[in-house]
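As C-alpha cells, the structure follows; a few thoughts come after it.
The values are calculated or read from the model by the stated rules, or taken from the named source; none is laboratory data. Keep in mind that this is a model prediction, so the values were computed, not measured. Positions of Cβ are backbone-derived with ideal geometry, glycine not excepted, and every protein chain shown enters the neighbour counts.
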Amino acid sequence: MKKMYVMVVALFVVVLGFSQTTTPVAPAKDVNAQIAFKNDTYSFGKIIFGKPVEYVVEMKNIGKDSLSILNAQPGCGCTTPSFVPNEKFGPGQTVKMTIRFNGSVIGAFTRYTDVYFTGGLTKKFTFSGEGVQDTPPPAPATATQKISTKN
C-alpha cells in the first residue's frame, strides 16, 4: 500500500512539473518610437493656492499605424485629464489632451497621469510646481496728521 501511495505522489509531481510552461514575456513597447510628445513633462512654476490651472499635451503619431487614446488615469483626484476617448489619429496626425489641476496644495508638488494607447503603449505625463498663498492686497495707508490745538 505504501508503494502505491509513493507511486501516485511521484506521478503527481512529474505531471505537475511538466504542466508548468514558461510564457515568454513580450518586451515593453517604446511609446516614444510611435508618438512624439510636447509638454509630457510640464512645470507650472508658482501657482496660487486653490486657483485651478491647466496645460495641453500634444501627441503626434510618428509611427506607421493609426493609434487612439484608450484611457487616462490621473494619480490623484486633484487632476483631471480631458480628451476624446478612442479618437483615432493616423500617421502624421496630432491630438491634444488638456490636463487640469485644482491647485489644492501649498508647497512643492509633482503629479502625474498615466495614458494608455492602443497597441499596448503607455506614457506617464508629469507636471510640477509650487503652490503659494495669495498675498492679500496691502491695506490702504491711513493718513496721520498732527492737529494743532494752539489758539
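Residue by residue, here is whether (1) more than 28 Å from V132 (Cβ to Cβ); (2) modelled with pLDDT of 95 or more; (3) among the basic types (K, R) holds:
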site: P27; (1), (2), (3): yes, no, no
site: D30; (1), (2), (3): yes, no, no
site: A33; (1), (2), (3): yes, no, no
site: Y42; (1), (2), (3): no, yes, no
site: E54; (1), (2), (3): no, yes, no
site: N61; (1), (2), (3): yes, yes, no
site: L67; (1), (2), (3): yes, yes, no
site: G77; (1), (2), (3): no, no, no
site: T80; (1), (2), (3): no, yes, no
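Inspect the range 100-113 for any residue being part of a strand (DSSP E or B), touching a residue at least 24 places away in the same chain (Cβ under 8 Å) and closer than 18 Å to Q34 by Cα and give the result as yes or no. Scanning the range 100-113 turns up no residue that is part of a strand (DSSP E or B), touching a residue at least 24 places away in the same chain (Cβ under 8 Å) and closer than 18 Å to Q34 by Cα.
Taking the criterion of being aliphatic (A, V, I, L, M) and surrounded by fewer than 18 Cβ atoms within 10 Å (Cβ to Cβ), the residues of the range 67-87 that qualify are L70, V84. Selection of the range 49-91 for residues being among the hydroxyl-bearing types (S, T, Y) and in a loop (DSSP other than H, G, I, E, B) yields only S66.
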